[in-house]
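The block underneath contains the structure these notes are about, expressed in structure tokens.
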Amino acid sequence: MNLPYVAPAAQLPVMSIAEVEAFLDREFPQIHHGGRTYSIEALAPLAATVRCAYHERHLRPGGTISGPTIMALADLALYVAILSSIGPVALAVTTNLSLNFLRKPAQRALLAECRLLKLGKRLAVGEVAIRSEGENELVAHATGTYSIPPRGEK
């Protein structure tokens, strides 16, 4: 996904990749059950790229990467883009996630490129483009909304 939009300086990421990963490790250690699967590839103003490593445990019958794996990646990419923009807020939660499966992904890592379309005080809305590593064609496209708790509720 090309990200031509450049946010004002006030919207630069407030957390680094290392800070977001440390937060996820501390608050959500279960995402690494079975081994480290997810890594943050890049952060930009109102955007993030998250990688899901390929593993056979992600396959479903027919040899395709499962829907739940792709949905988890889309949801995590949204969460990472939000965290990097507002700081460590564990209680920000998904209120909507809509995903379109576009083509069978290759049996390799997936990359999710998220762009926040709106980042307000209480709601964040974004879109996520998911590709098989090394390919240009989308395998899935998601849109999602997160509810952000009032400041002071972490």
How large is ³J(HN,Hα) for each residue in segment 34-39, as worked out from phi by the Karplus curve 6.51 cos²θ - 1.76 cosθ + 1.60 (θ = phi - 60°), to whole Hz, x for Gly and Pro? x, x, 6, 9, 9, 9
Note, ³J(HN,Hα) from phi for segment 45-57, Karplus 6.51, -1.76, 1.60, rounded to Hz, x at Gly and Pro: x, 6, 8, 7, 10, 10, 10, 10, 5, 6, 8, 4, 5
Per residue of segment 70-80, in order, report the coupling 6.51 cos²θ - 1.76 cosθ + 1.60 (Karplus, θ = phi - 60°) as ³J(HN,Hα) in whole Hz, putting x for Gly and Pro. 5, 5, 4, 5, 4, 5, 5, 4, 4, 4, 5
Over all alpha-carbon pairs of the chain, lay out the pair-distance distribution in 5 Å bins, whole %, shortest bin first. 2, 10, 20, 23, 21, 14, 7, 3, 1, 0
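Each reported figure results from applying straightforward, stated rules to the coordinates on display, with no laboratory input. Since the model is a prediction, treat every value here as computed from it, not as a measurement.
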